[in-house]
1. With a 1.4 Å probe and all protein chains kept in place, how do 197, 47, 270, 98 rank by accessible area, largest first?
2. Just from its helices, what would the mean residue ellipticity at 222 nm be for the chain, if runs of 4 or more DSSP H residues each count -39500 (n - 2.57) and the sum is divided by every residue, rounded to the nearest 500 deg cm²/dmol?
3. Which label marks the calculated value of mean projected area of the Cα convex hull in nm², given the options (i) 20.1; (ii) 14.5; (iii) 15.9?
4. Taking a probe of 1.4 Å, how large is the accessible area per residue of segment 48-204, in Å²?
5. Only helices at least 20 Å long along their axis, Cα-based, and averaging 1.0 or more on Kyte-Doolittle count here, so list those DSSP H runs from the chain.
6. Give me the extension gain from residue 30 to residue 69: residue separation times 0.36 nm, minus the current Cα-Cα distance, reported in nm with one decimal.
7. Leaving out ligands, DNA and RNA, what percent of the accessible area of the chain is carbon and sulfur, probe 1.4 Å?
Amino acid sequence: MTPPPGRWSDLDRPPLNARALRTALVRPAALWTGLTVVESTGSTNADLAAAATSGAAAPGTVLVAEEQLSGRGRLDRRWNAPARSGLFVSVLLTPGHDVPAERWGWLPLLAGVAAVTALSPVAEVETALKWPNDLLVTVDGTERKLGGILAERVTLPDGTAAVVLGMGVNVSLRADELPVPTAGSLLLAGARTTDRDPLLRALLRSLADWYGRWTAAGGDASAAGLLPAYAACCATLGRTVRALLPGGAEVRGEAVALDGTGRLVIADADAVQHPVDAADIVHLR
């Protein structure tokens, strides 16, 4: 029987199995304490932040949307995607119990490492990172943005500082659905699978693993193995880049290293090194 036309009739994009995801991920002593899948929302980060500050969401909560209508990225950029075409997920974390606040800047980079180490083997597609928190994939020989990461601090009702960490990954977007020509998807990169259930399970398990290593090391990225792991999958290092800084200034040069706080170190034409902690990075040829 042919299903009637409509937003849920795309057989290439089945809905997530929320019950199976909870069974696989929400267990005693696990990082994830609850998982909810909603059909549609403006922003999973905004929803989870509101729930956290009102006391309606506990640390370890995972919120997933089948469709996100007003997703936000760095620099308050807006984006959306067709229903069930990607992974739109936010999680609530309280690293302050184990990690000094000055090391929390590593969380978006940690999420990037978790995403690359999870998605690459499951989808059998090579993925990489553009500093600080863009996911990259190659489509027809061209580097494209696969997804992004956004971390936002919130305060729980008891005064505990927390972080809402959101990730968006383009899974089955077709060429005519891309929001901009520089975007890509796992499908367009030739992924072995675009089944979002195993992709999301792998992503959340990887995130829990890296978060556990990082918090056990007190947020020391080197001791946790996070710094070398990020460097290994970072497509920005070794490249000539233009860093667009807040306020309109820019730095051009070679991205030579990451320092211990996760800043990108750029060596300019005079070999002067500039540590950058917030910038929009453009990879130059």
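The values are calculated or read from the model by the stated rules, or taken from the named source; none is laboratory data. On a predicted model such as this, the values are computed, not experimentally measured, just so you know. Heavy atoms of the whole protein, side chains included, go into the accessibility calculation; ligands, DNA and RNA do not. Shrake-Rupley method; radii C 1.70, N 1.55, O 1.52, S 1.80 Å.
1. Ranking 197, 47, 270, 98 by accessible area, largest first, yields 270, 98, 47, 197.
2. Numbers: 5 runs with 64 residues, N = 285.
My calculation for the chain gives -7000 deg cm²/dmol from helical runs alone.
3. (iii)
4. Working: 5860 Å² over 157 residues.
Ligands and nucleic acids excluded, the result is 37 Å² per residue.
5. Working: long enough: 107-123 (23 Å, 1.86); 196-216 (29 Å, -0.34).
TM-like helix candidates: 107-123.
6. Details: separation 39, 0.36 × 39 = 14.04 nm, distance 3.04 nm.
Extra length from residue 30 to residue 69 when fully extended: 11.0 nm.
7. On the way: 6670 of 12850 Å².
Summing carbon and sulfur atoms, their accessible area is 52 percent of the total for the chain.
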